[in-house]
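Okay, structure first, notes after.
The values are calculated or read from the model by the stated rules, or taken from the named source; none is laboratory data. Model, not experiment: these values are computed from the prediction. Using ideal geometry, Cβ is built from the backbone for each residue, glycine included, and neighbour counts are taken over all protein chains shown.
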Amino acid sequence: MTTRPTLVVPVGLDALAVNTALQGRDGFRTWQHNYQALNDYMSPEPDEGDRQSNAKVHNHTGVHLHWTLPRGLRHGVQDPATEEVRYPLVPNRWLVVRFSGTATRRAKAWVIESDCPYSATAYRNGHPYDRSSAYLVSDATLRAWRSSPDPYRNTMPPSAHQVLIGLAFPLTDTAPWTERAADVPLFVTAMATGDPYFTTYTSHNSNVFSFLDDLSDVTTTDTLGYQVIGWYSRPDADVLAARPPGTSYADHLAHLGWQDPRLAGDPGQD
């Protein structure tokens, strides 16, 4: 297979600014699935009083960002042999950049590890648990975490199948980010644990496909803009690298609904 340059696929980005005036006027409630409820009920839907509300313990103030995965990553294909609907893996690393200022541009950035579990290490290092998302993981993922050299992953209990995933790491000159789990297999797809709202409802995908910038460092009136860029921690897991055997690059792009301008005039190019 011929190595190709990077293909950039756009994603839609929405922003909702939430201040105290909005929270005082409208009820701001969020609900996350409780998969432990499956032991007693047929649904992981939480009770009405569960989870976050306008209570001060839950800070909703700031800019809520949500990015929409390309349709090609939200489309599953049924395996004719097993009848299982398979969805492609999605990017598990996201760079979020906030630009501010008009005359002088400033930037602040975070790297989101969307498949990083909320562990004892995350708690000790001050990551807020209510910014991560409920998820069910397999025994294989738990084993991979526990054998990883990364303390954020290897401190997970061996039987914690319901976990919280998604951690945001500030990116600064004094605290640069480096990949900490390059050998851990990817597992996040658009359908998650069978939740059709996983990619669309931010309470189900916080620090996975959404992010809250609490603006704690913005003390004056300013103009803000955001950019989000995603990639795969393992290149072999990239949806373009993992195309089915015998499928050309052009045909794989067509299946995903994408176009590569470098193929213009030569659709059969592999």
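Here are some notes:
- Just one residue in the set ARG146, ARG180, ARG153 is touching a residue at least 12 places away in the same chain (Cβ under 8 Å), touching a Lys or Arg at 6+ places or on another chain (Cβ under 9 Å) and surrounded by fewer than 16 Cβ atoms within 10 Å (Cβ to Cβ); that residue is ARG146.
- For segment 21-42, the set of residues classified as surrounded by 10 or more Cβ atoms within 10 Å (Cβ to Cβ) and either at pLDDT 80 or above or polar (S, T, N, Q) (or both) consists of LEU22, GLN23, THR30, GLN32, ASN34, GLN36, listed by residue number.
- Residue within segment 63-83 that is exposed (fewer than 14 other Cβ atoms within 10 Å of the Cβ), modelled with pLDDT under 70 and either closer than 20 Å to PHE187 by Cα or not charged (D, E, K, R) (or both) present: no
- Across segment 184-201, the qualifying residues are those that are of a type in the set (Ser, Thr, Tyr) and under 10 Å from the mean Cα position of the chain (by Cα), and the one among them that is nearest to HIS75 (Cα to Cα) is THR189.
- Checklist (1) of a type in the set (Val, Ile, Thr); (2) assigned to a loop (DSSP other than H, G, I, E, B); (3) within 16 Å of the chain's Cα centre (by Cα) applied to THR220, failing item: (3)
- Tally of residues being surrounded by fewer than 18 Cβ atoms within 10 Å (Cβ to Cβ) and in contact (Cβ under 8 Å) with a residue 40 or more places away in the chain across segment 112-127: 0
- Some residue of segment 205-212 being more than 25 Å from the chain's Cα centre (by Cα), surrounded by 12 or more Cβ atoms within 10 Å (Cβ to Cβ) and touching a residue at least 24 places away in the same chain (Cβ under 8 Å): no
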